[in-house]
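Asker: My structure is below; once you've seen it, I'll send some questions.
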2 protein chains.
Amino acid sequence: MAKTDERVKPSRRPTIRDVSQLAGVSRMTVSRVISDPDLVLPATRQKVASAIADLGYVPDRAAGSLASRKTGFIALMLPTLTNANFAAVAHGLTEVLREANYQLLIAYTEYDMAEEERQLRNLLARRPEAIVLTGATHSKAASKLLLSADVPILEIADLPNHPIGHVIGFSNQEVGRTAARYLINKGFTRIGAVGATVEGEVLDHRGEERMRGFEDELRYAGLSTDAVVRHGKAPLSYDHGAAAIGVLLDKAPDCEAVFAVSDLSAVGVLMECQRRGISVPDHLSVIGFGDFEIGRIINPPLTTIHVDFNGLGQRTGKTIVELLKRGVSSETGRVDVGLSIIERKSVKA
Amino acid sequence: MAKTDERVKPSRRPTIRDVSQLAGVSRMTVSRVISDPDLVLPATRQKVASAIADLGYVPDRAAGSLASRKTGFIALMLPTLTNANFAAVAHGLTEVLREANYQLLIAYTEYDMAEEERQLRNLLARRPEAIVLTGATHSKAASKLLLSADVPILEIADLPNHPIGHVIGFSNQEVGRTAARYLINKGFTRIGAVGATVEGEVLDHRGEERMRGFEDELRYAGLSTDAVVRHGKAPLSYDHGAAAIGVLLDKAPDCEAVFAVSDLSAVGVLMECQRRGISVPDHLSVIGFGDFEIGRIINPPLTTIHVDFNGLGQRTGKTIVELLKRGVSSETGRVDVGLSIIERKSVKA
DNA sequence: CAAATTCATGGGACCGTTAACATGCGAGCG
DNA sequence: CGCTCGCATGTTAACGGTCCCATGAATTTG
């Protein structure tokens, strides 16, 4: 073995300094090759590139972030990841941000308000360049933290009355109203709904808003809201739907049509009906919300209210990129992505 | 308005220096209050705490990371987030890491190998303290990058033959074999399977391994593998199952039992059978993999092979924490979390 | 009671990168 | 031909924390 060099090479990770020495240029030139190669002469660029490859150099973004005051992080707060709609949002968001070289920092609160502030602090300590929130009710402290972060804040998947930042979403109340109108127009009069109870410090109020919108519209049409059932607690699930429809039918056996605040529950309703020999849609019509994949494949296929969550995520991503690149967004501060009814077979014609 | 101070307070974020000045202590003391309060006298701690609150100070982890050489990041590479099992892994992992104050950095590759290295570089630039990979086939370059990162590497949800780090997973081949043995023991002889084709640079080979294990066991029992159908491409979906069972039945109309490499496909199979009037399990038995929630609720409930993905994530998290705190793990380098058959009604007794 | 030890706090260097400005050189121009 | 300009590259000083060691006071010890 050769005698070790006087300046023994430590087995630590190579830094930009090591690269610059090997390539015979300054650190700054290496930095430029990485972040904006056009500023560097092709010949130099080449030398640097091969030095990088030889050393297996990987830049340290923490150091870079500190110096440039740009972290490349975008924070996303969700109630949960184990929900196809939220996952779709995250997905669409990533697609767009990936290209612009931002890294998503995901935090989820499990619908727990106490967790929110803690998560938020952690996120903020990473100095995200923008913060995306899903329709959450923010605590006083959380709002203060958010505002003082001094970065764009985007509230998505909702249309809050008193937003603290940009809004890209849809009205959950309108979802409920739309479902009610749809069923009313079909001629049903004994109409019910299944949702979750609201108790304690629930972070996500979106389901409840859909319920309220639904009830409002029933009342507006002079119909009874007795068959609007709140059962169990969020997050909603297939089991929730199966259990809730049982409660509903006990209460209102003559119910003709039911709105489930989530397709998850709607599927549960459908399956429970199969088991009980209640024919859908002949005996009971069902409409859900969320347009989950499963709704398309079950029998009968589920009529549902669709929101383009993936597109919502993409649009949010684009807005962020605009905001950060140009300081402004082509979107106004409040965007309603709307919703649509997907008519399938679970509602009687 | 009062005349502005000579040293006008800029509206920039407060730093540890601002806090230290307001509290009348050194920066180091502030740092200690944040990272290890016990080192500081209660009275001092109190002063600092209120200075922090007054200023709304939030530490900058990028700066901290640089100085301490600890980022608090754990990297997780997944094929996709829009799969309940992977989401469950991420979920379990987060639960554990949250407590230990680590932040998960999630990257997903959409089953695309070309994307892998790019993602990996991005991740590595964030200096994660550990890297978690889901059974992926690593490119040469990717492996080199991984190794030179010099942090614990955990390969999960698989049992690779030539692991490059710790392994916490289960054998996908064994899943296939178990499914085959189960059906064979039930007395079936005309047995099929549905999975995805393998073509091009597919990152996730886990489904294919289940197919292989299944075929192996059929052969071992002297049965035909003619009804083992590879159709479409990953990621699997309900539609995949619906389409694939059509192909299978065309090929082998007398098939008695079928294994779907994913519950997603299995549910698709069940629904397509409903539509075609093929009674499950009387005419066709179905077994899936993954124990997705939907399998429990559909009719008939789906017999499936269960792996505790959430627990897998938790276990991975615990191992990481041990590794990082104590430098060793109580687990050996290779852990098989095993699997179990959940018998429901989709296989004839 | 002096010496040793512990404890709370402070001082300064340093982590790896980039912003901002400086420099040197050749091309273009009147 | 001297001057200006533009371009490629270099120099220096941060960025906001934490590590390591020093310091001085309080406490224990022989």
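Asker: Scanning for something among the aliphatic types (A, V, I, L, M), open to solvent by 30 Å² or more (accessible area, probe 1.4 Å) and farther than 23 Å from B:Glu199 by Cα, does segment B:291-310 turn up at least one residue? Outline the logic, then answer.
Answerer: Initial filter on segment B:291-310 (among the aliphatic types (A, V, I, L, M)): B:294, B:297-298, B:302, B:305, B:307.
Then keep just the ones that are open to solvent by 30 Å² or more (accessible area, probe 1.4 Å); that gives none.
No, segment B:291-310 contains no residue that is among the aliphatic types (A, V, I, L, M), open to solvent by 30 Å² or more (accessible area, probe 1.4 Å) and farther than 23 Å from B:Glu199 by Cα.
Asker: Given segment B:249-341, what strands (runs of 3 or more DSSP E) lie entirely inside it while holding 2 or more residues that are in contact (Cβ under 8 Å) with a residue 24 or more places away in the chain and in contact with a Gly (Cβ under 6 Å, 6 or more places away or on another chain)? Walk me through it before giving the result.
Answerer: Numbers: elements: B:257-260, B:285-289, B:303-306, B:334-336.
Answer list for segment B:249-341: B:257-260.
Asker: Also, I was wondering about something else. Of the residues that sit in segment B:293-340 and are among the acidic types (Asp, Glu) and more than 14 Å from chain A (Cβ to nearest Cβ), which one is farthest from B:Leu104 (Cα to Cα)? Quick ask: steps written out before the conclusion?
Answerer: Step one: of segment B:293-340, the residues among the acidic types (Asp, Glu) are B:293, B:308, B:322, B:331, B:336.
Subset that is more than 14 Å from chain A (Cβ to nearest Cβ): B:308, B:322, B:331, B:336.
Details: B:Asp308: 20, B:Glu322: 16, B:Glu331: 22, B:Asp336: 23 Å.
Checked segment B:293-340; the qualifying residue farthest from B:Leu104 (Cα to Cα) is B:Asp336.
Asker: Could you look through segment A:15-32, keep only residues that are hydrophobic (A, V, I, L, M, F, W, C) and near DNA strand C (Cβ under 9 Å from one of its atoms), and pick out the one that is nearest to the other protein chains (Cβ to nearest Cβ)?
Answerer: Kept after step one, since they are hydrophobic (A, V, I, L, M, F, W, C), are these residues of segment A:15-32: A:16, A:19, A:22-23, A:25, A:28, A:30.
Now restrict to residues that are near DNA strand C (Cβ under 9 Å from one of its atoms): A:16, A:19, A:28, A:30.
Working: A:Ile16: 12, A:Val19: 14, A:Met28: 19, A:Val30: 14 Å.
Among residues in segment A:15-32 that are hydrophobic (A, V, I, L, M, F, W, C) and near DNA strand C (Cβ under 9 Å from one of its atoms), the one nearest to the other protein chains (Cβ to nearest Cβ) is A:Ile16.
Asker: Within 11 Å of DNA strand D (Cβ to nearest atom) and either crowded, with 18+ Cβ neighbours inside 10 Å or under 22 Å from B:Arg118 (Cβ atoms) (or both) - does that describe any residue in segment B:72-86?
Answerer: Let us first name the residues in segment B:72-86 that are within 11 Å of DNA strand D (Cβ to nearest atom), namely B:72.
From what is left, the residues that are either crowded, with 18+ Cβ neighbours inside 10 Å or under 22 Å from B:Arg118 (Cβ atoms) (or both) are B:72.
Looking through segment B:72-86, at least one residue is within 11 Å of DNA strand D (Cβ to nearest atom) and either crowded, with 18+ Cβ neighbours inside 10 Å or under 22 Å from B:Arg118 (Cβ atoms) (or both).
Asker: Would you call A:Asp54 of a type outside the set (A, V, I, L, M, F, W, C), within 14 Å of chain B (Cβ to nearest Cβ) and open to solvent by 60 Å² or more (accessible area, probe 1.4 Å)?
Answerer: Yes: the conditions hold for A:Asp54.
Asker: Determine whether segment B:313-326 contains at least one residue that is open to solvent by less than 10 Å² (accessible area, probe 1.4 Å) and among the hydroxyl-bearing types (Ser, Thr, Tyr). Show your work before the answer.
Answerer: We begin by selecting, within segment B:313-326, every residue open to solvent by less than 10 Å² (accessible area, probe 1.4 Å); these are B:313, B:316-317, B:319-320.
Within this subset, residues satisfying the condition of being among the hydroxyl-bearing types (Ser, Thr, Tyr) are B:316, B:319.
Checked segment B:313-326: at least one residue is open to solvent by less than 10 Å² (accessible area, probe 1.4 Å) and among the hydroxyl-bearing types (Ser, Thr, Tyr).
Asker: Looking at A:Leu339 and the list (1) surrounded by fewer than 20 Cβ atoms within 10 Å (Cβ to Cβ); (2) more than 23 Å from A:Glu209 (Cα to Cα); (3) within 22 Å of the chain's Cα centre (by Cα), which single condition is not satisfied?
Answerer: Condition not satisfied by A:Leu339: (2).
Asker: Out of all the residues in segment A:134-149, is one or more within 14 Å of chain B (Cβ to nearest Cβ), more than 19 Å from the chain's Cα centre (by Cα) and within 21 Å of A:Val321 (Cβ to Cβ)?
Answerer: Yes; the residues of segment A:134-149 include at least one that is within 14 Å of chain B (Cβ to nearest Cβ), more than 19 Å from the chain's Cα centre (by Cα) and within 21 Å of A:Val321 (Cβ to Cβ).
Asker: Follow-up. Does B:Asp38 qualify as being within 16 Å of DNA strand C (Cβ to nearest atom), farther than 30 Å from B:Val307 by Cα, modelled with pLDDT under 95 and within 38 Å of the chain's Cα centre (by Cα)? Give the derivation first.
Answerer: Values: within 16 Å of DNA strand C (Cβ to nearest atom): yes; farther than 30 Å from B:Val307 by Cα: yes; modelled with pLDDT under 95: yes; within 38 Å of the chain's Cα centre (by Cα): yes.
Yes, satisfied.
Asker: Continuing with the same structure: Collect the residues in segment B:43-57 that are more than 14 Å from DNA strand D (Cβ to nearest atom), within 18 Å of B:Arg13 (Cβ to Cβ) and not small (Gly, Ala, Ser), keeping them in residue-number order.
Answerer: B:Asp54
Asker: I need a count of the residues in segment A:11-27 that are touching a Gly at 6+ places or on another chain (Cβ under 8 Å) and either on the phi > 0 side of the Ramachandran plot or without any contact (Cβ under 8 Å) to a residue 12 or more places away in the chain (or both). Let's see the steps before the verdict.
Answerer: The first filter runs over segment A:11-27 and keeps only residues touching a Gly at 6+ places or on another chain (Cβ under 8 Å), leaving A:14.
Narrowing the set further to residues that are either on the phi > 0 side of the Ramachandran plot or without any contact (Cβ under 8 Å) to a residue 12 or more places away in the chain (or both) leaves none.
Number of matching residues: 0.
Asker: Mind checking which residues of segment A:189-231 are in contact with a Ser or Thr (Cβ under 7 Å, 6 or more places away or on another chain) and either farther than 17 Å from A:Ile305 by Cα or of a type in the set (A, V, I, L, M, F, W, C) (or both)?
Answerer: A:Val194, A:Leu203, A:His205, A:Leu218, A:Arg219, A:Leu223, A:Arg230, A:His231
Asker: Can you list the helices (runs of 4 or more DSSP H) found entirely within segment A:13-83 that contain at least 3 residues being within 30 Å of A:Asn122 (Cα to Cα)? Spell out how you get there, then give the answer.
Answerer: Values: elements: A:16-23, A:27-35, A:42-55, A:61-68.
Answer list for segment A:13-83: A:27-35, A:61-68.
Asker: Checking the conditions here, which among A:Arg61, A:Arg12, A:Arg69 is within 11 Å of chain B (Cβ to nearest Cβ), within 12 Å of DNA strand C (Cβ to nearest atom) and modelled with pLDDT under 95?
Answerer: Details: A:Arg61 fails: modelled with pLDDT under 95; A:Arg69 fails: modelled with pLDDT under 95.
On inspection, the qualifying residue turns out to be A:Arg12.
Asker: Please specify each residue of segment B:116-140 satisfying the condition of being touching a residue at least 12 places away in the same chain (Cβ under 8 Å) and charged (D, E, K, R).
Answerer: Just the residues of segment B:116-140 that are touching a residue at least 12 places away in the same chain (Cβ under 8 Å), to begin with: B:116-117, B:119-124, B:126-139.
B:Glu116, B:Glu117, B:Arg121, B:Arg126, B:Arg127, B:Glu129 - these are the residues of segment B:116-140 that are touching a residue at least 12 places away in the same chain (Cβ under 8 Å) and charged (D, E, K, R).
Asker: Still on this structure: Condition first: more than 19 Å from B:Gly56 (Cβ to Cβ), near DNA strand D (Cβ under 9 Å from one of its atoms) and either out of contact with any helix residue (DSSP H, G or I) (no Cβ under 9 Å at 6 or more places or on another chain) or open to solvent by less than 50 Å² (accessible area, probe 1.4 Å) (or both). Now tell me which residues in segment B:21-40 satisfy that.
Answerer: Result: B:Asp36, single match.
Asker: Working only within segment B:279-301, note down all residues that are over 20 Å from A:Ala266 (Cβ atoms) and aliphatic (A, V, I, L, M).
Answerer: Listed by number, the residues that qualify are B:Val280, B:Leu284, B:Val286, B:Ile287.
The values are calculated or read from the model by the stated rules, or taken from the named source; none is laboratory data. None of the values given here were measured: they were computed from a predicted structure. When we count neighbours, we look across all protein chains shown, and the Cβ atoms used for this are built from the backbone with ideal geometry, even at glycine. To get the accessible areas, we keep the full protein, side chains included, count just its heavy atoms, and leave off ligands, DNA and RNA. Shrake-Rupley method; radii C 1.70, N 1.55, O 1.52, S 1.80 Å.
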